[in-house]
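Accompanying notes for the structure given below.
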Amino acid sequence: MNEAIAGWIRGHEKEMVESLCGLVRLPAVSPRDGGTGEMAKAEWLTELAKRLGLPTPKRYDVPDPAAQGGARPNLVITIPGRTPARTWFVTHLDVVPEGDRSLWEFDPFTPLVKDGKVFGRGSNDNGQEMIASLYAASVCVHLGIIPETCIGLAFVADEELGSAFGISQLLGQGLFRPDDLVVVPDGGNDKGDFVEVAEKSVLWIEFTVEGTQVHASRPDLGNNACRAANLFSVDLDEALHKAFPDLDDLFEPPSSTFEPTRRLPNVANVNTIPGKEIFSFDCRVLPSVPLDEVEAVIGEIKKRVSSKTGVKIGSVNIQRAVAAPATPISSPVVAKLRDSIRRVYGCEPRVGGVGGGTCAAHFRMAGIPAVVWAQEADTAHMPNEYAVIDHMVNEALVFAGMLQPETGPEA
Ligand SMILES: [Zn+2]
């Protein structure tokens with residue numbers, strides 16, 4: 001890493017912390033979650049970009065009468081480079097609500113700097129990376145360095161609720177190209193050594209098993225929904241694992257997973273046979289397995305258990321998301337990011353897949369290889385959310401490193 005760049009970034013740690021505190025003060029919760037949207041934050045960021053010597057962000061407003069200002073703003077900053085290639089850092093403006101307020105030890109939207117951390121809602125998800133990307137771009141401007149590729153910073157709305165007002169709109173307007181290098185710093189581990197290139201399909205399904213409730217001394221008069229639900233759950237578990245045994249070492253774990261999870265309370269007393277059971281399965285399915293094949297197996301077992309026990313089994317999908325194609329490990333963006341991580345952390349970054357969803361999935365669906373990487377404490381969406389200041393500085397170093405020419409042995 002260029003000494004001047006590293007020195008400038010490390011020397012601006014205090015300013016980075018102050019900037020992150022500024023973001024935390026502006027909640028940016030979606031109107032669908034009881035908030036006012038991202039407008040105030042977008043305006044504040046526009047001023048911050050100017051103070052950092054960056055070009056004025058271009059605004060892409062998407063009308064939303066429920067939001068403050070009648071729109072959901074998306075901001076894009078572009079800086080020319082030595083080549084027409086472009087490196088993008090895509091972060092999201094919106095944050096989730098504070099949740100149960102009684103679990104917070106302080107006000108979620110009043111930033112608190114303590115023990116090398118910045119506490120507050122949105123400090124980790126996604127403020128930390130937004131600031132890191134801004135300072136990585138700013139260092140080039142301040143030191144008069146023309147980056148190897150053009151730099152694109154995109155600050156997008158509505159990520160937490162599916163991105164209909166956010167990255168979907170920017171992709172729809174043709175802002176991105178298949179040869180762009182796209183980094184979505186919105187997930188990672190606390191070592192900073194995991195680069196995410198793929199996600200599994202997600203199927204969350206809730207079952208309702210209906211029998212007939214009776215006194216526990218007269219099972220002959222009813223139909224025990226608890227017994228039928230137990231049978232169904234075990235049969236389904238076995239059938240799904242048997243039908244889909246494929247392994248893909250890209251993922252951790254390498255198999256599809258089919259897990260019985262939530263079970264709602266049934267009856268209040270021991271001597272009543274339950275007439276109704278409600279429980280769920282969380283399925284994370286390898287991209288090579290079509291979700292409708294999984295659903296066909298579920299349908300078969302439903303039918304079999306119903307006809308064997310006489311109960312009625314209904315189901316609803318809580319979530320159903322088909323996996324986007326994985327970003328190839330051979331993509332230039334994967335190589336550049338791993339190189340930069342090696343130089344900053346001195347470790348060998350792993351490449352793999354996870355079970356969740358980010359803006360990267362939208363890029364992958366559009367045929368643009370994108371990677372997810374960050375160095376993060378696992379506090380997103382939690383009470384007392386925090387960002388580790390060292391992580392934010394390291395991220396800025398990694399991003400800035402990606403923008404410099406590759407230094408071969410001759411350099
Ligand atoms: Zn996020």
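The distance between label points at His142 and Ala85 comes to 2.6 nm (points 7 Å beyond Cα on the Cα→Cβ vector).
All alpha carbon pair distances within the chain were sorted into 20 Å bins beginning at 0; the resulting P(r) in whole percents reads 25, 49, 22, 4, 0. Highest mobility in the GNM of the chain, judged by mean-square fluctuation with C-alpha springs under 10 Å and restricted to Pro55, Pro31, Pro265, is found for Pro265.
Sorting Ser168, Ser30 by solvent-accessible area of protein heavy atoms yields Ser168, Ser30, largest first, with a 1.4 Å probe.
The residue among Pro274, Val289, Pro254 whose Cα reaches farthest toward the positive pole of the charge dipole of segment 238-315, with charges on the beta-carbon of Lys, Arg, Asp and Glu, is Pro274. Ranking Thr110, Thr257 from most to least accessible surface, computed with a 1.4 Å probe over the protein chains only, gives Thr110, Thr257. Full extension of the segment from Lys312 to Ala296, taken as 0.36 nm per residue of separation minus the current Cα-Cα distance, would add 4.0 nm. Length gained on full extension, Leu264 to Thr110, computed as 0.36 nm times the residue gap minus the Cα-Cα distance: 51.8 nm. Using DSSP, restrict attention to beta bridges with both residues in the chain and report what percent are antiparallel, rounded to the nearest 5. Around 70 percent antiparallel, to the nearest 5. Taken along the Cα-to-beta-carbon direction at a fixed 7 Å, the label points for Arg342 and Val234 span 5.2 nm. Looking only at segment 127-164, which residues have a backbone nitrogen under 18 Å from a spot 7 Å from the Cα of Glu47 in the C-beta direction? What the label zone holds, given the 18 Å backbone N cut-off, is 131.
With a cut-off of 8 Å between alpha carbons and a minimum separation of six or more residues, what is the relative contact order of segment 284-365 in percent? Dividing the mean separation by the residue count of segment 284-365 yields 31 percent. Once C-alpha pairs closer than 8 Å and six or more residues apart are averaged by separation and normalised to the residue number of the chain, the relative contact order reads 23 percent. When the chain is described by a simple charge dipole with +1 on each Lys and Arg Cβ and -1 on each Asp and Glu Cβ, the residue from Gly22, Asn384, Pro97 located farthest towards its positive end is Pro97. Compared with the direct C-alpha span, the chain from Ala216 to Glu15 gains 65.6 nm at full extension, assuming 0.36 nm per residue. Each residue of segment 134-145 was assigned a 3J(HN,Hα) from its phi angle through the Karplus expression (A = 6.51, B = -1.76, C = 1.60, θ = phi - 60°), giving 4, 6, 5, 6, 4, 4, 5, 5, 5, 8, x, 8 Hz with x at Gly and Pro.
Taking 24 Å as the limit for the C-alpha separation, the pairs Lys14/Lys114; Lys242/Lys308; Lys14/Lys58; Lys14/Lys50; Lys242/Lys276 exceed it in the case of Lys14/Lys58; Lys242/Lys276.
The charge dipole of segment 285-411, taken about its Cα centre with unit charges on the Cβ atoms of Lys, Arg (+1), Asp and Glu (-1) only, comes to about 760 debye.
The values are calculated or read from the model by the stated rules, or taken from the named source; none is laboratory data. From a predicted model like this one, the values you see are computed outputs, not experimental measurements. Methodologically, a virtual Cβ is constructed for each residue, glycine included, from the backbone with ideal geometry; neighbour enumeration extends over all protein chains shown. Quick note on the areas: whole protein, heavy atoms, side chains included, nothing else; ligands and nucleic acids left out. Shrake-Rupley method; radii C 1.70, N 1.55, O 1.52, S 1.80 Å.
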